[in-house]
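Visitor: Dumping the structure here so I can ask a few things about it.
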C-alpha cells in the first residue's frame with residue numbers, strides 16, 4: 001500500500017518541470033461551512049491518463065471545480081500548466097475540456113449545434129467551429145444522430161456529444177467524470193480507445209473520475225484515490241497493483257500439481273495458488289520461458305495466460321479504503337492492512 | 001468508421017479572447033424564435049404602429065390644411081383627415097396655430113403613447129414568453145456546466161442573456177417606434193419634418209433603454225431563482241398585475257379624496273360630452289377637449305405619487321421625462337430611483353444566482 005501523506009505533493013510517474021506539469025495541487029482545502037470537503041489535497045498529474053477514484057462524497061467533483069476555478073479555496077493552491085485558476089480562471093479553462101457526469105445540454109440545440117456552440121464559447125470563429133464540430137463528431141462516430149436535439153438522444157449518444165464538446169477546442173487537459181456511464185460494451189471500449197488515442201497520439205493529459213476500476217486498470221497510467229477529501233493513495237497503476245515480486249502468474253486448464261512438478265523439473269521455481277489462482281513462477285530470461293512452455297506441454301496443461309502477477313485494482317482500492325477508515329478512527333494502519341483483502 | 005472521418009486533429013487556430021456574450025445572445029435569439037407563439041406576438045406587436053402612423057398622417061394633414069388657411073376644428077366636420085388630425089392635436093395639447101410647437105408636442109406624445117399603451121403591455125407578454133426559460137431552462141438542463149467549464153465568466157453569461165432578451169424586447173419597443181418615426185416623416189407633406197423632429201430618434205432610444213433595462217433584468221432575476229420556468233413566468237405576470245392593482249388602488253384613493261375636496265369639478269365624460277355639444281354652461285378651463293384621452297394614456301401632467309410602485313407606471317413617468325413632457329423633478333425622481341433600484345437588485349440577484357450550482 002502506498003499511502004501518501006496528504007500535505008506533500010505526490011509526483012506520480014514521469015518527471016515534469018514545474019511550469020510544464022499539467023496539473024499540480026498543493027494543500028488544496030475547501031470547506032462548506034463546518035464541513036471540510038477537500039482536506040489538504042496535494043497531488044501532481046503529469047501527461048498521460050490518470051484515474052481519479054473514490055467513494056461517493058469523496059470530493060472528486062469539488063476537486064474538479066477547484067481545478068476550473070469555480071470554487072474559492074480555504075487554503076492551498078492549484079496550478080494548471082503553471083496558471084492559477086483562482087486568479088486567471090478563464091485562461092485555465094481555455095486549456096481544459098470537461099465532460100461532466102451529469103447530463104447537460106442547452107435546451108433546443110441539436111448535437112452538432114451543441115458542439116459548435118461549445119467551440120464558439122471557447123473562442124473558435126463560427127465557420128471554423130462548425131467544421132471542427134463535424135470533424136470531432138465524426139471521430140466520435142456520432143453519425144446522423146448529430147442532427148437531432150440533444151434532449152432526444154440516447155444516453156450513449158449524449159455522452160458522445162458531451163465528449164465531442166469537451167475536446168472540440170483541442171484542450172491540453174481533458175477532465176472526464178464517469179465517461180463510460182450509459183455506454184454499451186462496444187461503445188465503452190470505443191470511448192476508452194479514444195481516450196488512449198488522445199493521450200498517446202496527441203499528448204493530452206487526461207484525468208478520468210470514475211467508479212469503474214476495470215476502466216482505470218485498462219487505460220490509466222496513474223491513479224489518485226480520494227477518500228473523505230484526502231488523497232489516500234497515488235502512484236502508477238503498475239506500482240500500486242504490483243506484488244513487490246517479479247513473479248509471473250500462469251493460468252490455464254489442466255493438472256496444476258503436475259505442472260508445478262514439471263516446472264520444478266525444468267529448473268523453474270513455481271508454486272500452486274489455491275482456489276484456481278493458477279501457478280506463480282519465476283522466469284527471468286528467455287531460456288526459462290522456453291522451459292515454461294516445455295513443462296506445460298509435458299504436464300498436458302493448456303496455457304491461457306502468462307502475465308506479471310498483479311493484485312486486482314479492486315483489492316488495492318478496498319485495502320486503501322479500510323486503511324483510510326482506520327486512520328480516521330485512530331486505529332493502527334498495519335492492523336487494518338492485515339484484515340484487508342490481499 | 002465513416003469515409004469522411006479524418007480522425008482527431010489538433011486545432012491550430014487562435015481563439016478569440018472575447019465575444020462569448022455575443023455568441024450566447026445570437027444562439028439565445030435563434031432559439032427563442034423557434035417559439036411559434038413568440039413569432040405571432042411579435043407580428044401582432046407591430047399592428048398598433050399602423051394606427052399610430054395614421055395619427056401622424058392625419059396630424060400633418062391638419063398642419064398642412066391649417067397652413068393653407070383652411071379652418072380646421074375638431075367639431076367642423078368629420079370627413080377629412082385634417083379634421084381627425086386636429087382632433088388628435090387637440091387631444092394631445094397641440095395648437096395648430098403654432099405648427100412647430102404643435103408638431104413637437106404631438107409627435108412626442110404620439111410616440112410616448114405608442115411606447116406606453118400598446119407596446120409596454122405587449123412587452124410584458126413577450127418578456128413573459130421568453131425570459132423565464134432563459135436561465136431557468138439552463139438550470140433545469142444543467143447547461144451551466146456547458147457555460148462555466150468554458151472560458152467565460154458570470155459577466156459574459158449575464159450580458160449574453162440580457163442581450164438576448166433586450167434584442168427581442170427591442171423588436172417590440174425600440175424598432176417599431178423608430179420605424180413609426182420614419183413612417184411619420186414619410187407620410188408628412190414636407191421632409192423638413194425630419195429635421196424638426198430629429199431629436200426624437202435619440203429620445204426613442206433612451207425611452208426604450210429606460211423600459212428595457214429594468215424589465216429585462218427583473219425578468220432574468222426571476223428566471224435565475226428557479227429551475228422551473230413556469231414559476232418564473234407566474235412571478236413575472238404576478239408582479240405586473242400586483243403592482244398595477246396596488247398602484248390603481250392607491251391612486252384611486254387619492255382621486256376620491258381629491259373629488260371629495262372639490263365636488264363640483266367637472267370630470268370625465270360629463271366634461272367631454274358638454275364640450276363636444278358646445279354646452280355653454282361648461283366653462284372651458286384651459287384644458288383641451290378629449291383631455292381625458294391624454295389622462296387615460298398617462299400623458300397629462302398629473303402628480304402620480306404612487307407611480308414608483310408599479311413598473312409600468314414608473315416607466316411611463318420616466319419615458320414622459322425623456323420625451324420632454326414631464327419636467328418636474330419631484331415627479332420624475334421617485335419612479336426613476338425605483339427603476340434604478342429594481343435594476344440594481346436584479347443585477348445583484350443575477351450575479352449571485354447564475355453560477356450558484358457551479359459553486360455549490
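The values are calculated or read from the model by the stated rules, or taken from the named source; none is laboratory data. Owing to the predicted nature of the structure, the values given are computational and were not obtained by experimental measurement. Please note: Cβ atoms are built from the backbone with ideal geometry, for glycine as well, and neighbour counts cover all protein chains shown.
Visitor: Take the conditions closer than 30 Å to residue B:190 by Cβ, modelled with pLDDT under 85 and either crowded, with 16+ Cβ neighbours inside 10 Å or within 14 Å of another protein chain (Cβ to nearest Cβ) (or both) and apply them to residue B:73. Does it pass?
Guide: no
Visitor: Which of the residues that make up the stretch A:154-173 are in contact with a strand residue (DSSP E or B) (Cβ under 9 Å, 6 or more places away or on another chain), more than 9 Å from chain B (Cβ to nearest Cβ) and outside any helix (DSSP H, G or I)?
Guide: Residues satisfying the conditions are A:171, A:172, A:173.
Visitor: Check residue A:143 against each of (1) closer than 26 Å to residue A:66 by Cβ; (2) at the interface with chain B (Cβ under 10 Å from one of its Cβ atoms) and name the one condition it does not meet.
Guide: Every condition holds for residue A:143 apart from (1).
Visitor: May I pose another question? How do the pairs read when you match residues in the stretch A:217-240 that are without any contact (Cβ under 8 Å) to a residue 40 or more places away in the chain with residues anywhere that are in a helix (DSSP H, G or I), using Cβ under 8 Å and keeping only pairs 6 or more apart or on different chains?
Guide: As it stands, the answer is A:218/A:192, since those pairs meet every condition given.
Visitor: Against the condition touching a residue at least 40 places away in the same chain (Cβ under 8 Å) and either within 14 Å of chain A (Cβ to nearest Cβ) or out of contact with any helix residue (DSSP H, G or I) (no Cβ under 7 Å at 6 or more places or on another chain) (or both), how does residue B:145 come out, does it pass?
Guide: Answer is yes for this residue.
Visitor: Another question, if that's okay. Check residue B:164 against each of (1) out of contact with any helix residue (DSSP H, G or I) (no Cβ under 8 Å at 6 or more places or on another chain); (2) in contact (Cβ under 8 Å) with a residue 40 or more places away in the chain and name the one condition it does not meet.
Guide: (1) is the only condition that residue B:164 fails.
Visitor: Give me the residue from the stretch A:217-228 that is farther than 9 Å from residue A:49 by Cβ and surrounded by 20 or more Cβ atoms within 10 Å (Cβ to Cβ) and, out of that set, nearest to the chain's Cα centre (by Cα).
Guide: It comes out as A:223.
Visitor: Consider the stretch B:11-21. How many of its residues are at the interface with chain A (Cβ under 7 Å from one of its Cβ atoms), part of a loop (DSSP other than H, G, I, E, B) and either at pLDDT 85 or above or in contact with a strand residue (DSSP E or B) (Cβ under 8 Å, 6 or more places away or on another chain) (or both)?
Guide: 1
This table checks each residue for (1) assigned to a helix (DSSP H, G or I); (2) at pLDDT below 90; (3) touching a helix residue (DSSP H, G or I) at 6+ places or on another chain (Cβ under 8 Å); (4) closer than 17 Å to residue B:165 by Cβ.
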site	(1), (2), (3), (4)
B:58	yes, yes, yes, no
B:77	no, yes, yes, no
B:83	yes, yes, yes, no
B:89	yes, yes, yes, no
B:127	yes, no, yes, yes
B:137	yes, no, yes, yes
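Visitor: Now a separate question. So in the stretch A:73-94, with the set limited to residues that are in contact with a strand residue (DSSP E or B) (Cβ under 8 Å, 6 or more places away or on another chain) and at the interface with another protein chain (Cβ under 9 Å from one of its Cβ atoms), which one is nearest to residue A:29 (Cα to Cα)?
Guide: The qualifying residue nearest to residue A:29 (Cα to Cα) is A:92.
Visitor: Quick one: which strands (runs of 3 or more DSSP E) sit completely within the stretch A:23-116 and have at least 2 residues that are surrounded by fewer than 22 Cβ atoms within 10 Å (Cβ to Cβ)?
Guide: The strands (runs of 3 or more DSSP E) meeting that bar are A:23-32, A:35-45, A:75-80.
Visitor: Counting just the residues of the stretch A:188-204 that are away from chain B (no Cβ under 14 Å) and surrounded by 15 or more Cβ atoms within 10 Å (Cβ to Cβ), which one comes out modelled with the lowest pLDDT?
Guide: A:188
Visitor: Still on this structure, I have one more. Residue B:227 versus (1) surrounded by fewer than 17 Cβ atoms within 10 Å (Cβ to Cβ); (2) part of a loop (DSSP other than H, G, I, E, B): which is the lone unmet condition?
Guide: The one condition residue B:227 does not meet is (1).
Visitor: Those residues that are within 17 Å of residue A:146 (Cβ to Cβ) and either part of a loop (DSSP other than H, G, I, E, B) or facing chain B (nearest Cβ under 7 Å) (or both), I need them from the stretch A:125-134; list them, please.
Guide: Once the filter is applied, which keeps residues that are within 17 Å of residue A:146 (Cβ to Cβ) and either part of a loop (DSSP other than H, G, I, E, B) or facing chain B (nearest Cβ under 7 Å) (or both), the stretch A:125-134 yields only A:132.
Visitor: Shifting gears a bit: Can we say residue B:49 is at pLDDT below 75 and surrounded by fewer than 20 Cβ atoms within 10 Å (Cβ to Cβ)?
Guide: No.
Visitor: Considering only the stretch B:162-176, I want to know if a residue exists there that is closer than 30 Å to residue A:162 by Cβ, within 13 Å of another protein chain (Cβ to nearest Cβ) and part of a helix (DSSP H, G or I).
Guide: Yes, that holds for at least one residue.
Visitor: Does at least one position in the stretch A:305-324 carry a residue that is modelled with pLDDT of 90 or more, in a helix (DSSP H, G or I) and out of contact with any strand residue (DSSP E or B) (no Cβ under 8 Å at 6 or more places or on another chain)?
Guide: no
Visitor: Just one of (1) in contact with a strand residue (DSSP E or B) (Cβ under 7 Å, 6 or more places away or on another chain); (2) in a helix (DSSP H, G or I) trips up residue A:176, so point out which.
Guide: All conditions are met except number (2).
Visitor: Does the stretch A:135-145 hold any residues that are crowded, with 21+ Cβ neighbours inside 10 Å and either touching a strand residue (DSSP E or B) at 6+ places or on another chain (Cβ under 7 Å) or not in a helix (DSSP H, G or I) (or both), and which are they?
Guide: Across the stretch A:135-145, the qualifying residues are A:140, A:142.
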